[in-house]
Amino acid sequence: MSDEPTMPLSLDKALTSFDALWSPRIVTRVNDYDVRVAKVEGEHVWHVHEDTDEFFLVLEGELRISLRETAGERTVLLPKGAVFTVPRGTEHKPYAPSRAAILMFEPAGTSTVGDRHDEIPDHVDATTGHALGS
Ligand code: NI
């Protein structure tokens with residue numbers, strides 16, 4: 001965090017402050033991890049974070065995450081309130097059948113599209129997260 005005094009923050013208000021899909025906003029930092037929230041709908045892109053796990057919490061709606069594991073491909077279904085951690089090195093592709101909101105927890109500087117990825121569609125923001133209000 002910066003030297004400014006920290007203040008409580010409403011996730012509901014944070015989520016109403018922007019409309020962009022697949023474009024996370026950073027709501028706070030914990031040591032060297034960012035807590036990010038994003039609005040999502042439709043498909044993200046297959047990608048992998050070689051060096052970090054990625055934590056998801058579903059705030060609204062439903063998120064599905066497809067995973068390419070040694071045993072094959074599977075999709076986990078996360079209803080509202082579910083948490084899931086994608087292990088480092090595992091190719092994954094989030095997908096939301098309808099509008100959803102998610103919270104992610106990962107090291108600051110982690111790219112939304114990982115270290116390797118398929119071609120990035122126009123609706124996916126390749127970012128390390130934006131400040132709230134930007
Ligand atoms: Ni990821």
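Using every alpha carbon pair in region 57-101, what percent of pairs falls into each 5 Å bin from 0 up to the bin containing the largest distance?
So the P(r) values, bin by bin, are 6, 23, 31, 22, 13, 5, 0.
Give me log10 I(q)/I(0) at q = 0.17, 0.30 Å⁻¹ for region 1-62, Debye formula, one equal scatterer per alpha-carbon, no solvent.
With one equal scatterer per Cα and no solvent, log10 I(q)/I(0) is -0.74, -1.49.
Once the dipole of the chain is set up with Lys and Arg at +1 and Asp and Glu at -1 on Cβ about the Cα centre, which of 129, 71, 102 lies farthest towards its positive end?
Final value for the positive-end residue is 102.
Pop the C-beta distance of residue 131 and residue 99 into the FRET formula with R0 = 35 Å and round what comes out to the nearest 0.05.
0.95
Taking 0.36 nm per residue of separation and subtracting the Cα-Cα distance, what length does fully extending residue 17 through residue 66 add?
That works out to 14.8 nm of additional length.
Taking neighbour Cβ counts within 10 Å as the exposure measure, how do 119, 73, 106, 41 sort from fewest upward?
The most exposed by this proxy come first: 119, 73, 41, 106.
We did not get these values from a lab; they are worked out from the coordinates using the rules stated. Every value quoted in this text rests on a predicted model; they were computed, and no experiment measured them. For neighbour counting, all protein chains shown are included, and Cβ atoms are generated from backbone atoms with ideal geometry for every residue, glycine included.
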